[in-house]
Amino acid sequence: MEMVTTCFQTFLVLLFTFFLPDAAMAGMPGSVELTQLGRFRFQALSFFIFVFLFVSFLFQKLWNYLRKDFDRLPHLSYWRSVGFVLAWALAFNIVLAMISGARELMTPGAWELQGATYKLTFTKKQADDNK
């Protein structure tokens with residue numbers, strides 16, 4: 001019950017911190033003005049950091065909860081859980097980069113950049129075969 005109360009309190013703090021409207025500046029101008037693109041990038045980066053830290057928090061709570069059943073698991077602090085999640089994120093990034101590199105090595109010239117994504121290139125014979 002104590003863990004549920006602590007988790008609920010933490011959830012409320014996060015809720016009030018991140019989802020309430022901005023505080024009134026009492027007529028004072030903001031110190032930084034961003035362009036629309038800059039605001040979009042800042043929002044995307046802020047969301048990514050929030051999700052990353054929240055997943056680290058959930059991982060820490062899950063790990064420490066499982067400690068009750070598995071005596072050999074050490075206590076996990078929040079910053080160690082951040083490091084653990086970061087290490088796994090980097091490992092997944094490397095694996096995904098290797099997969100995309102292997103795709104290009106196995107089919108050289110088959111993928112061509114069109115806008116922001118890659119699409120398969122078809123020769124005239126392949127296009128006729130698909131009809």
Can you give the relative contact order of the stretch 40-102 as a percent, counting alpha carbon pairs under 8 Å and 6+ residues apart? 31 percent
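Note the full-extension length gain between PHE92 and LEU62 as 0.36 nm times their separation in residues minus their Cα-Cα distance, in nm to one decimal.
Working: separation 30, 0.36 × 30 = 10.80 nm, distance 2.07 nm.
Once the chain is fully extended between PHE92 and LEU62, it gains 8.7 nm.
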Please list the non-local residues whose amide H lies under 5 Å from the amide H of TRP111, H modeled 1.01 Å from N, same-chain partners needing a gap of 5 or more. THR121
Extension gain (nm, one decimal) between PHE70 and PHE84, 0.36 nm per residue minus Cα-Cα: 3.2 nm
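Readers should treat all values here as calculations from the given coordinates under stated rules, not as data from a laboratory. Predicted model, so just to flag it, every value in this text is computed and none were measured.
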